[in-house]
Each structure stands twice: as structure tokens, then as C-alpha cells.
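Undergrad: Right, I'll just put the structure down here and ask away after.
Just so it is clear, none of the values below were taken in a lab; they were calculated from the coordinates. None of these values were measured; they are calculated from a predicted model. Every residue, glycine among them, receives a Cβ derived from its backbone with ideal geometry; neighbour counts consider all protein chains shown.
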Amino acid sequence: MKARDLDPRLSALGDLDISRIDNLSGDCQPGSLFVAVPGTMSDGTAYIPDAIAHGAVAVVATAPSDLVPTVVVSASEIRELLSQISARMVGNPENQLRIVSVTGTNGKTSVTHFVRDLALALGESATAMGTLSHVRTTPAPPELFRSLREILDREGAGTIVAMEVSSHALDQGRTDGVIAEVAVFTNLSHDHLDYHLSMDSYFAAKALLFTPEHSRRGVVVDSTWGQRLLAQSRVPTMSVSTADFTSLHVGWSEISGWWRGYEFTAPVGGEVNVLNLAAAMAAVSELTNAPDRDIAEAASRLAAVPGRYQVIHRRPDIVVDYAHTPDGLQQILRDAHTMTTGRILVVFGCGGDRDREKRPVMGDIAFHSADIRIITTDNSRSEDPADIARDIIGSHDSEHFHVELDRRQAIAYALSMATSDDVVIIAGKGHESTQTIGTTVSTFSDVDTVRELLESPC
């Protein structure tokens, strides 16, 4: 495509042929237009030489460059321009898809997958995007719109795309130009305060999704933050809660009961998934206008989400979950109390180079909610794992925690301590298949590790 046809602000590049848009220099290919976005850790202009080396033929930046044809725009508009031209480059696929955007501290992955599975069971074309399909929960605009283009080409117009939308993505304008048919808010709890600085700022980022620029209507899970969002939403919005169900039965791997007067059985477990299921069923109802009876029946076709309340073994119950926030850890430990007559063992840690404030909070939750607390490494990155462990223990006596920084050995210790009536919660990594310590990224899966240890204890 000619540069001038992408956006009037690129008219200075004239008839220069652009083959793709990139904001990461390493992604550039011959014909790329590199958009050098100022970041929180570094400025994209520093990567212009690398972008050129990878084939970039022009640059959009906040400062001039004499290395290649450059369009200079203000820092306040460069992200918006990136979204606009990324979408335009691939033919604005978002306009031919039915998008459900899901935001919230926890539950995004589960809700998007439930929406997808319900829609498929109803005969719709549907897919999900987010943590399990991309490196980032919500990709940067070039990758986001290329992914939407691929979905459109593969699945066809009218396909339902259930998409996770993070607070970072909303704050940084990554989804600008995408107007969801339905927006969903799951919850808000302590996380990412290293970026947002306050809960009010964190909430404000999430609330952007419930504006006409980002969605047409909304579904909000009832809570204090949910009620606040319901009051200020700028699009028609409904609230869902556990009251949407009657005669509920909740186990580790099944939820059953009645929804809107129709019986259902869903092959997913945990109290937290009751609200995730309520949100997904309401979103699908809003989007498809399918009869409530059909949606209730479709719940039986749900698939368990990898690394979310994933039961690996029974007696003892061994559950792998992505819980990496205080609320997420509290939720699954609360469920454990209602579903076991034995002890609760928890293996967990906190990520390095991330929100430090939540570490002692999670330690306190484990202290009060688990019988055996095993602290281990969870992507320590540049930090010393021992320092993170000390932060987690906080003001508690260290004798109340077992610290084993080798995650495999920590899991092995938990399994060796568990009896048939106990439950072992392995929290924090869920579906992840790698462990980052320092600059080394190693293959590691909680699920695979548990299965290996059960087969060959060591």
C-alpha cells in the first residue's frame, strides 16, 4: 500500500510502498513502516537502526531521523496513529467481525474461552484471543490487527472473537479503533500498581472499555467496582451475579444448577467460575439473541481452560491455577476450604520486576488460608528469588513457611506431604510453559511437572 493511502499524516512519504506496520524493530521486514513509540522503559527511536537493518523503509517517530524517510508526530498522537494505520494496512478486519472484549484483573481468559465455546455450541463461528494465544494478553496494534485479519480470512465475516483486553492495552490505546459488540468487566483487585500507581487509576483504565469509542453495550459482574462501573458506563450495560443462578452445585470440575429458569451442567469448576460463567452466558445472550434454553444447554459443551482450576489428580486433589494476584489466590484457597476435609497445601511465588506491594499481601493470604505454605520461584527475572520470598513472608515468622526456590522441588515437596484427603494448590503459572530467572528462559510447566512427579516420584 502507498504510504499516503494509509493516513493523511503520512503524505510526506508520498508513493512509498509499505508492506506492513511494525512497532518492534525485530519484527520489521523489507517494506516495513517502523513506528518508534516512546515506551515506559525505553524510547522506540533508539531502535531505528535495528528496524532499518531488518528492512524498514520509513519511520514514524517523535523526533527526526536522518537514517531513513521519517514522519514526525507528537508523543500524544503516535499511539493513535499506530492503531489507525495498523488496522488500515490489513483492511480494517475489525469491522467485519463480532468482537466481545473482556477486561478485569482476573477471569479474562476463562470468560473469553467460555464465550467462544458457548458460541460454537450454538453453531456460530467463534474464536478466542489473549493470554493463551499471544505473548501479551492484548497484543500491540500491528500484531492485533494482523491476528484479526487472519481470523477473518480463516473463519469468515461475522465470526465472534472473544478478546482479552488488559488495562495496559486500554491505557496505551492498543485497541483503539476496535468497537466491541459487547464489553465484559469481570472484577478489579490489587495488581499492576507498579504501572497504574493507584486503584482509581487502574479502574479508570478498565472503564475506558465502556465508552462508545470501544464498545456498544456491556456486561458487568456485580461487585463494589462493578457497581461503580455500572453507574458511569457510557454504553447500555447490564449486571450479572450469582443471583442469576438457582440450585447451584459447585465442585472442582463441574458447576450445575439453573440459569434463567433452565437447567445446565458445565464441566468447569470453582466458585470463581460461577461469575465467569454468568458473564459469558449473558454476553452470548446479548450478542446472539439465542434462546436462554439453548445457551443453558450449550454450557455442557464448555472445555476446561488450561491452567485455570485445572484438576490434575484426585485424592489428593492436585489443582494447577494461574492465580497470581491476592484476589486470585484468596479465591482458590476459599474454594479449597469448601471442597476438602483435609489440609490445604499451597505452592506459590511472586513475579520479579513486578508489583512488589502485593507480595506480603499474598503471603498473608497464604498464612491465614492454607495449612502448609510453600514459597517458590515464579519468574523472578532480574531479582533474587530469595529476596522475593522474604518480601512474601513479610512480618510473619519464617517458620510458618517452607521456602524451596527450585520450583520442581517445591512441587515435589508438596506432593510428598499430601495425604488422600488433602488438596494441593499450585498457583501462579497456570498454563505457562517457561520459567524466567535472570535473563534465562527455561522450559517449565506446572502441569507437566505434576504429571511427571506422579509417575516417577523423586
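Undergrad: Sorted by average packing, counted as other Cβ atoms within 10 angstrom per residue and highest first, what order do 280-287, 429-436 take? Write down the numbers at each step before the final one.
TA: Numbers: 280-287: 25.8, 429-436: 19.0.
Averaged packing, sorted descending, gives the order 280-287, 429-436.
Undergrad: Taking every alpha carbon pair in the chain, what does the distance histogram look like in 20 angstrom bins from 0, in percent?
TA: 24, 53, 22, 1
Undergrad: Still on this model: Counting pairs of alpha carbon atoms under 8 Å apart in space and at least six apart in sequence, what relative contact order in percent does the stretch 251-348 give?
TA: On the way: 106 pairs, mean separation 24.0, N = 98.
With pairs under 8 Å counted, the relative contact order is 24 percent.
Undergrad: Follow-up question, since we're still on this one. Could you give the semi-axes, largest first, of the ellipsoid that matches the stretch 39-196, computed as the square roots of 5 times the alpha carbon gyration tensor eigenvalues and rounded to whole Å? Each step should come with its number before you reach the end.
TA: Numbers: eigenvalues 190, 77, 29 Å².
Semi-axes from the Cα gyration tensor: 31, 20, 12 Å.
Undergrad: Continuing with this model, one more query. Starting with the fewest neighbours, write out Arg20, Arg343 ranked by other beta-carbon atoms found within 10 Å of each beta-carbon. Don't skip to the end; give the middle numbers.
TA: On the way: Arg20 20, Arg343 17.
Lowest count first: Arg343, Arg20.
Undergrad: For the stretch 108-174, what Kirkwood radius comes out of the mean inverse Cα-Cα distance, in Å? Don't skip to the answer; put the middle values down first.
TA: Numbers: mean 1/r = 0.0818 Å⁻¹.
Result for the stretch 108-174 stands at 12.2 Å.
Undergrad: Moving on to the next point. Starting from a Cα-only point model with no solvent, please compute log10 I(q)/I(0) by Debye for the stretch 93-301 at q = 0.09 1/Å.
TA: -0.31
Undergrad: Follow-up question, since we're still on this one. Going toward the positive end of the dipole of the chain, with +1 on Lys and Arg Cβ and -1 on Asp and Glu Cβ, which of Ile48, Ala283, Ser198 do you reach last?
TA: Value computed over the given set: Ala283.
Undergrad: What's the exposure ranking of Glu124, Glu150, going from fewest to most Cβ atoms within 10 Å? Present the calculation step by step, with values, prior to reporting the outcome.
TA: Numbers: Glu124 18, Glu150 13.
Least to most surrounded, the residues fall as Glu150, Glu124.
Undergrad: Right, next: Any lysines with Cα under 26 Å of the Lys108 Cα? List them, leaving off those in the same chain fewer than 8 positions away.
TA: Lys206, Lys358, Lys429
Undergrad: If you don't mind, there's one more thing I want to ask. Just order 196-207, 32-43 by mean Cβ neighbour count inside 10 Å, highest at the front, would you? Write down the numbers at each step before the final one.
TA: On the way: 196-207: 16.1, 32-43: 18.5.
Output ranking for 196-207, 32-43: 32-43, 196-207.
Undergrad: Whole number please: convex hull volume per residue of the Cα set in the stretch 146-209, in Å³? Each step should come with its number before you reach the end.
TA: Numbers: hull volume 6.1 nm³, N = 64.
Cα-based convex hull of the stretch 146-209, divided per residue, equals 96 Å³.
Undergrad: Please report, in cubic angstrom per residue, the volume enclosed by the convex hull of the alpha-carbon atoms of the stretch 2-71.
TA: Details: hull volume 5.3 nm³, N = 70.
Spelled out: Cα convex hull of the stretch 2-71, divided by residues, is 76 Å³.
Undergrad: Further question: Could you give the distance between the Cα centres of the stretch 6-79 and the stretch 188-260, to the whole Å?
TA: 37 Å
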